[in-house]
Amino acid sequence: YRYANRPFVDWVGRPADEVVGRRVKEVIGEQLYSVVQHRIEAALRGEAVSYELDSGSAQGQPSCFHLRRLPERGDDGAVHGYYALIEDITERKAAERHAEQMGSFMSSIIDAVPSPVFVKDEQHRWVVLNEAFCQFMGRERAELLGRSDYDFFSKAQADVFWEKDALVFASGVTHENEEAFTDSAGETHTIATKKS
């Protein structure tokens, strides 16, 4: 190390004079060094490297970091070392894990609803479906996700669904109506829908 700022020396739990002038392995320990060694070597070959690292600090606190290693070149273009830019993303990763858990929780709740339920994005593609909707459509969830009404219904029916969706998107108001629906067996049903 030729330079280390205050957050870095705090992270490794050593004063700056015990970091600068020492080899990386001595400062971060053999276990962590074995994880990042090939990325350090890539930076020393002149490659820009970017990655996330789940690790503890030197004191064993759980942490997650985004690291960028950028080669340092001299006037002759040769690589003389690298810069490491480290961002603590522990809180962001925890929030992402929480959102993922909540998503799984909400999916299980939606699947427990006996009536067909779906969520569409602004391109009118299904992004969330419950099991009752899949059965209603006579399709597997994977066949439906990311697709739209035009992939499964006649143009006339899909036009109506699209128009009703657009009305909800534009107004932000819940709309209830009756629509004709042709199932996968070709039978037409009248369905009551509530779109919010």
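List of remarks:
- Here GLN157 clears all of (1) loosely packed, with under 11 Cβ neighbours inside 10 Å; (2) free of Cβ contacts under 8 Å to residues at least 40 places away in the same chain; (3) touching a helix residue (DSSP H, G or I) at 6+ places or on another chain (Cβ under 9 Å) except the condition numbered (1).
- Residues of segment 15-48 that are aliphatic (A, V, I, L, M) and either touching a strand residue (DSSP E or B) at 6+ places or on another chain (Cβ under 8 Å) or assigned to a helix (DSSP H, G or I) (or both): ALA16, VAL24, VAL27, ILE28, LEU32, VAL35, VAL36, ILE40, ALA42, ALA43, LEU44, ALA48.
- Residue in segment 108-117 that is open to solvent by less than 80 Å² (accessible area, probe 1.4 Å) and closer than 30 Å to ASP54 by Cα present: yes
- Conditions (1) in a helix (DSSP H, G or I); (2) open to solvent by 60 Å² or more (accessible area, probe 1.4 Å); (3) without any contact (Cβ under 8 Å) to a residue 40 or more places away in the chain; (4) among the hydrophobic types (A, V, I, L, M, F, W, C); number of the one not met by VAL127: (1)
- Meets criteria (open to solvent by 80 Å² or more (accessible area, probe 1.4 Å), charged (D, E, K, R), under 31 Å from the mean Cα position of the chain (by Cα) and at pLDDT 90 or above) for ARG23: no
- Checking PHE169 against (1) under 20 Å from the mean Cα position of the chain (by Cα); (2) open to solvent by 50 Å² or more (accessible area, probe 1.4 Å); (3) in contact (Cβ under 8 Å) with a residue 12 or more places away in the chain, the condition it does not meet: (1)
- Test result for LYS164, open to solvent by 70 Å² or more (accessible area, probe 1.4 Å) and on the phi < 0 side of the Ramachandran plot: no
The values are calculated or read from the model by the stated rules, or taken from the named source; none is laboratory data. Note that the coordinates shown come from a computational prediction; the quantities given were computed from them, not determined experimentally. FYI the Cβ positions are ideal-geometry reconstructions off the backbone, even for glycines, and counts take in every protein chain you see. Just so you know, the surface numbers come from the protein's heavy atoms only, side chains and all, with ligands and any DNA or RNA stripped out. Shrake-Rupley method; radii C 1.70, N 1.55, O 1.52, S 1.80 Å.
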